[in-house]
Every structure is written in C-alpha cells, then in structure tokens.
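The values are calculated or read from the model by the stated rules, or taken from the named source; none is laboratory data. In this text, all values refer to a predicted model and were calculated from it rather than measured experimentally. Don't worry about glycine lacking a Cβ; one is built from the backbone with ideal geometry, like all the others, and counts go over all protein chains shown. These accessible areas exclude ligands, DNA and RNA; they are computed on the full protein's heavy atoms, side chains included. Shrake-Rupley method; radii C 1.70, N 1.55, O 1.52, S 1.80 Å.
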Amino acid sequence: MTKVKYPQKRNYRQRAHSNPLSDHSFDYPVSPDVMDWTKLYPRFKPENEVKFCDIGCGYGGLLVTLSPMFPETYMVGFEIRVKVSDYVNDRFLALRQDNEVYHNAGVIRTNAMKYLPNFFRKGQLEKMFILYPDPHFKKCKHKWRIVSEGLLAEYAYVLKVGGLVYTVSDVKEVHDWMVEHFTNFPLFERYDPPAEDKAAQVLIGSTEEGKKVLRNKGQSWTAIFKRVEDPHLVNCAGT
Amino acid sequence: MSVLHYDKHTNSFLLGVGANLYQLSDNRAKLLVKCGEVPETTEKEEPIKEGEKAPRAEGPAYITGVATCEGRVAVISNNKVVETFDRDFQRVASTVAIKRATSVQITDKTVVISDKAGDAYSYSTDLTDRKYLLGHVSVVMDMILTPDLNFLITCDRDEKIRISHFPNCYNIHSYLLGHQEYVLKILLLSPNLLLSVGGDQKLILWDLSTSQPVQTLPSPQEDYITISYSPPYILACNSRHVTVYKLTDTTLTQTSQLVTDHDIIDVASSDSRVALLTREPKLEIYQFSEGVMSGKCEVEGEIDLSQFKDSVLPEKKKVVRTAGFAEYFERKRKRIEEENLKEESKQAHINLQEKSKETHLKG
C-alpha cells in the first residue's frame, strides 16, 4: 500500500482571502440528521457527536494540538479555501497512518457563515474556536467578517448553554471588535477560564499564524466567551 | 414580492400596480393612494451613527409588498420607502429603509421589515425607533410574524427557514431544513404547521413541534410562483397552473387545478374569492367554493394595469455554483503519480545497484 506522505505547504498555495458571500461549490448536508460523519472519521459511531469546531482552521495547527489532548472528543475544522482544506485533509491522513491518535479530528471544506446549522444540531457544540480570523479591514468588507451581530445568533444556536467560544487575534482592532460584539450580545458573556482549561493554554502557540506572530515578536490577544441562557426568556419566566 | 394581498379586516383585496394602491371589493376596483413618495427627513429620524450616511431612496417607486392589521396598512416600495396608512388611507408615517425591503409585517404596536441584505428590523408604529432584529447571510425572501407575536419566521436564498423568538430574535428557536434551493414563500397554516415553496420546485408542509417535514409535494409544472391560504384550502401557483389543496389534519390532498391562459404573477384568496394577476397584465376574480375556482369575471372600475412594474428579482436566480477546483485536483493527482513513479524508479535503480554489488562480490 502506498504510504501517504506528509503534505508540503508549497504544493497547497492559495490566496488568503475568499469571499464567503458568493456561491462556491460546497458539499453540505441538507440537515444534521443526514450528515455522514464516518466519511471524515472512520471510527465514528452513531452515538458519537462532534463537539468542537474550529472556524477557519487554516492549516490545521490547532486541531493537531487538540486532538491528542482530547482523544475521546470528535472535533472538526471548517475551512473555506480549497487547497488549504485539502492540505489539512492530507495532513490528518498521514498523521493517522503513523499514530494511533488523530482519528478524532478532521476538516470540512465549507462556508461556516452559511452552513453551521446544516452540520450541527441546536446546542450540539461544547467549544468553538475563532483563531486569527481574517481582519477584512475595509469597511466595505466588514460583512465578510466572521464575527457580526447576525452571525452571533447562529454561534449561540449551535453551542450548548455553558459552551465556550475561544478567540484570538494579533490585530488589536479585530480583538476589540470581537470583544465588543460578543459582550454586547445577550447570549454571550466574557469568561475567564480556570487554569485547568487545557484548550485555553494552546490558543496562541498551536497555529501556524500564532507561531508566526511569536517568531516576529508580535502580540496576540485572547478572549473567551460563555454561552448563557437568554435573559429575556429568564425574565419572562420570572414574571 | 407580493402585490396582491387579502385584507381580512375589510374582506377586500389590496393590489399594488406601479406606485398605485387599489382596493378590490365585490369585483370593483378603487384607487386608494399613491405610494412610494420619498419622505422629507425630519428631526424625528433616528440619529445616524458616526461615519454612516442616512439611507437614501433610490430606484423607481413601485409597490412590492403590503401588510395589514386592524387599524393600519403598511406598504413597502422598490425605492426603499416604507410607509403606513390609516384605514382612510391617509399616510400616517414613512421612512427610508437601509436596504430595499423584501417583506413587511404590521401589528398595532410594531412594523417589521426584512431586506435584501438579509437583515430584519422592527420599527415603532410611527416608523422611528428602528431596531436590528436578525441577519441572514443572504437575502430574506419572505417573513412571518406569528399571530401570538412570539416568533419571527424568515426564509432565505440559502435554502433555510429560520424560526427566531420575538422580539428577542437573537435567540434562534429552530431551523426548518429540507429545501435545496431558495425558499420563496412561507405561510403559517396553524400554530403548528408551516407551508413553504422553494426554487427546488417543492411544496413542503412542516410540523413545527418537530421541525420535520410531514409532506413534500413536487411541482406539477416547473417553478412555483406563489402560494396562498384560505382555511382549509391552499392555492399553489406555477406559471400557468393554480392547484388547490385541502388541508385535513396534516395532509394535503388536491381538490382541483385550474390552467390559465397567461403566466401568473400573483394570487390572493379569501373564503369565497380568488384574485389572480396574470401577465398581460390582467386581473381576474374567481368565485371560490369547496376548493374549486369558477365563474371568472373581469374587474370593473378604473384600474390602470399598464403601470404594473414587473421585475425579475435577482434573488430568484437559482444558485449557480462556481466550478469546483477540478483542475487543481487533476494537477495534484498527476503530481502524486509522477512522484510515485520517481520513487519507484529510484528504488528500482537502488535494487539494481545492490544486486550488481552482490553478484560482483559473489563473483
């Protein structure tokens, strides 16, 4: 059997920015009920559920770090760029060959802005990761940003109450934007993770982007948010 | 884009032709008011956020949607104007929306619009105090505010029907997923049943307590144009067919079908009448009884249908997916093949060298 080789980035070069609002050709299930996760995870069983999602997983750095840390948890990365998601796919194929681990992590080429509810049921996810999102600096491109008031409703929908969103950016403006949006959103609250939160510790060092920032002696800002109960419904129930 | 609307509060039909709003009762049409007039900006307007410009009306003014409640009528126009009238059709309030509105709903306390950017906003009855409610990533094609005012249901071009709480629309209650093209129109048949039609040529009946489809009917003739509901009958229109279904419990059964001479633009129905606007443009009223349309008659009264503005909304274009990266995968396949061949020949060369070394030693 031909050995799967570790992918080399030079064979997977792609432009960094992709328009999430246009109609690329994606595979996505009509609804979470018909999603076949065994295509991604050969050992996936009917009673299993994907619990972590890395939105814009890039070259897969975070998933490669998290996978052995949470061996019982299924986790998926969403990446819109074809070549980059192909790289991650090949990376995991090679890793799985050489190790007993990494069978719980995979990547899907899709548009997280449009298709989260197609993949995940309400309250399914325990953790979501938004690491070094594309800043889309220009005002006319703000609607391409992965964090917006409209999209926060969808993130709150797929996350269970008590679930966590981890964010990192090396662009202060983007970090401030995310903090402002999440804290003003009724279903999220800023959260200070306890020391035991293993995922919080690897946010900066595990991704290619993060390593680059460290190498260049730049700064990264992190912010973590918890999905809370709807205060509006809580109030109504109380009256 | 609905230009025909059944107003249950007055048992009449409202029709938008160009910028003119007409009322149809007993087969007579009466011109009510001209809509789409751009309002003067007043101090009442919501203060503009720093760096943002006040929304400006743009494009031709023609009516694209109508909604009614007991004391008021709301009208949205193509040029972004949103206005409300009292029952004497005196203009009560008007404003310019941020983007062209695609649907409107009105109650005695609020006006809600969805727009082509995929966002929904609520206004107070005097159309000030605009609040952002929710955002889809693609255009919202239709919207329903449930009669109990607890939910806002929106459907979009990305095949989704979203049920959000109201007014806390940031809290999504559920999704109805099943369409494979844009969702064109939705109707609430009962607190637990929703009907939808999509660009995938399917009519789907949904159970809202389980978020599952209970019945799916394929279109009898290509794309759906619109649907209408007069309990217990549903009228589903394709370009030349009006198919009437009867709803019993949670099942739809066809009761009749009418074939029209011209393409249908819009339909509205009451318990006893069906108003049909066809491409010519022509307006016809039918008797409607026991699920059957009959006794077609022309509409009397002065109604200038030549003003009718027909537009193929950009959102109704079916999604043409940009070609996948077939070329990339083909090149990748070739590259891997070449690499494997190189490896094999390299290995074969090494084997040959080892063999010749061996024979050399032996010899």
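Results for (1) under 16 Å from the mean Cα position of the chain (by Cα); (2) closer than 29 Å to B:ASP158 by Cβ, shown as yes or no for each residue.
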{"residue": "A:LYS45", "(1), (2)": "no, no"}
{"residue": "A:GLY61", "(1), (2)": "yes, no"}
{"residue": "A:GLU72", "(1), (2)": "no, no"}
{"residue": "A:ALA94", "(1), (2)": "no, no"}
{"residue": "A:LYS114", "(1), (2)": "yes, yes"}
{"residue": "A:GLU126", "(1), (2)": "yes, yes"}
{"residue": "A:PHE137", "(1), (2)": "no, yes"}
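All told, B:VAL197 meets the bar of being assigned to a strand (DSSP E or B), in contact with a Lys or Arg (Cβ under 7 Å, 6 or more places away or on another chain) and without any contact (Cβ under 8 Å) to a residue 40 or more places away in the chain.
For A:ASP36, the criteria (1) acidic (Asp, Glu); (2) crowded, with 19+ Cβ neighbours inside 10 Å; (3) modelled with pLDDT under 95 hold in every case but one, which is (2). Exactly one residue out of B:SER228, B:SER272 is touching a Ser or Thr at 6+ places or on another chain (Cβ under 7 Å) and open to solvent by 30 Å² or more (accessible area, probe 1.4 Å), and it is B:SER272.
Considering only residues in segment B:326-344 that are at the interface with another protein chain (Cβ under 9 Å from one of its Cβ atoms) and under 21 Å from A:PHE26 (Cβ atoms), the one that is surrounded by the most Cβ atoms within 10 Å (Cβ to Cβ) turns out to be B:LYS332. Out of all the residues in segment A:129-145, is one or more over 19 Å from A:TRP221 (Cβ atoms) and open to solvent by less than 10 Å² (accessible area, probe 1.4 Å)? Within segment A:129-145, not a single residue is over 19 Å from A:TRP221 (Cβ atoms) and open to solvent by less than 10 Å² (accessible area, probe 1.4 Å).
The numbered conditions (1) touching a Lys or Arg at 6+ places or on another chain (Cβ under 9 Å); (2) loosely packed, with under 13 Cβ neighbours inside 10 Å are all true for A:ALA199 except (2). Among residues belonging to segment B:27-43 that are touching a strand residue (DSSP E or B) at 6+ places or on another chain (Cβ under 9 Å), assigned to a loop (DSSP other than H, G, I, E, B) and open to solvent by 90 Å² or more (accessible area, probe 1.4 Å), point out the one that is modelled with the highest pLDDT. Looking at the filtered set, the residue picked out is B:GLU37.
The residue that is nearest to the other protein chains (Cβ to nearest Cβ), among those in segment B:142-169 that are at pLDDT below 95 and touching a helix residue (DSSP H, G or I) at 6+ places or on another chain (Cβ under 6 Å), is B:ASP158. Taking the conditions (1) within 23 Å of B:ILE172 (Cα to Cα); (2) among the acidic types (Asp, Glu); (3) open to solvent by less than 30 Å² (accessible area, probe 1.4 Å); (4) away from every other protein chain (no Cβ under 11 Å) in turn, A:GLU189 satisfies each one other than (3). Restricting A:GLU149, A:GLU173 to residues that are of a type outside the set (Val, Ile, Thr), within 27 Å of B:THR154 (Cα to Cα) and open to solvent by 30 Å² or more (accessible area, probe 1.4 Å) narrows the list to A:GLU149. Of the strands (runs of 3 or more DSSP E) contained entirely in segment B:224-270, those carrying at least 1 residues that are among the aromatic types (Phe, Trp, Tyr) fall at B:224-230, B:233-238, B:241-248. Looking across segment A:18-33, the residues that are farther than 12 Å from A:ILE108 by Cα, in a loop (DSSP other than H, G, I, E, B) and either modelled with pLDDT under 70 or out of contact with any Leu (no Cβ under 8 Å at 6 or more places or on another chain) (or both) come down to A:SER18, A:ASN19, A:PRO20, A:LEU21, A:SER22, A:ASP23, A:HIS24, A:SER25.
For (1) aromatic (Phe, Trp, Tyr); (2) in contact with a Ser or Thr (Cβ under 8 Å, 6 or more places away or on another chain), each residue gets a yes or a no:
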position	(1), (2)
A:ARG96	no, no
A:TYR102	yes, yes
A:ARG121	no, no
A:LYS138	no, no
A:ILE146	no, no
A:TYR157	yes, no
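Selection of segment A:91-109 for residues being more than 12 Å from every other protein chain (Cβ to nearest Cβ) and surrounded by 22 or more Cβ atoms within 10 Å (Cβ to Cβ) yields A:ARG91, A:PHE92, A:ASN104, A:ALA105, A:GLY106, A:VAL107, A:ILE108. With respect to (1) within 12 Å of chain A (Cβ to nearest Cβ); (2) among the aliphatic types (A, V, I, L, M); (3) touching a Ser or Thr at 6+ places or on another chain (Cβ under 9 Å), the lone exception for B:VAL137 is condition (3). If the condition is being within 21 Å of A:LEU66 (Cβ to Cβ), free of Cβ contacts under 8 Å to residues at least 12 places away in the same chain and of a type in the set (A, V, I, L, M, F, W, C), then segment A:178-236 contributes A:ALA195, A:LEU214.
Condition test on A:TYR155, is it open to solvent by less than 60 Å² (accessible area, probe 1.4 Å), under 28 Å from A:PHE44 (Cβ atoms), of a type in the set (Ser, Thr, Tyr) and within 14 Å of chain B (Cβ to nearest Cβ)? Yes; evaluated as a whole, the condition is true for this residue. How many residues does segment A:70-90 hold that are among the charged types (D, E, K, R), within 14 Å of chain B (Cβ to nearest Cβ) and open to solvent by 30 Å² or more (accessible area, probe 1.4 Å)? Qualifying residue count for the region: 2. Do you know which residues across segment A:41-69 are within 19 Å of A:THR110 (Cα to Cα), touching a strand residue (DSSP E or B) at 6+ places or on another chain (Cβ under 7 Å) and open to solvent by less than 20 Å² (accessible area, probe 1.4 Å)? Once the filter is applied, which keeps residues that are within 19 Å of A:THR110 (Cα to Cα), touching a strand residue (DSSP E or B) at 6+ places or on another chain (Cβ under 7 Å) and open to solvent by less than 20 Å² (accessible area, probe 1.4 Å), segment A:41-69 yields A:TYR41, A:VAL50, A:PHE52, A:CYS53, A:ASP54, A:ILE55, A:CYS57, A:GLY58, A:GLY60, A:LEU62, A:LEU63.
Scanning segment B:170-218 for residues that are closer than 18 Å to A:ALA153 by Cα, in contact with a Phe, Trp or Tyr (Cβ under 7 Å, 6 or more places away or on another chain) and open to solvent by less than 30 Å² (accessible area, probe 1.4 Å), we see that the one that is nearest to the other protein chains (Cβ to nearest Cβ) is B:ILE172.
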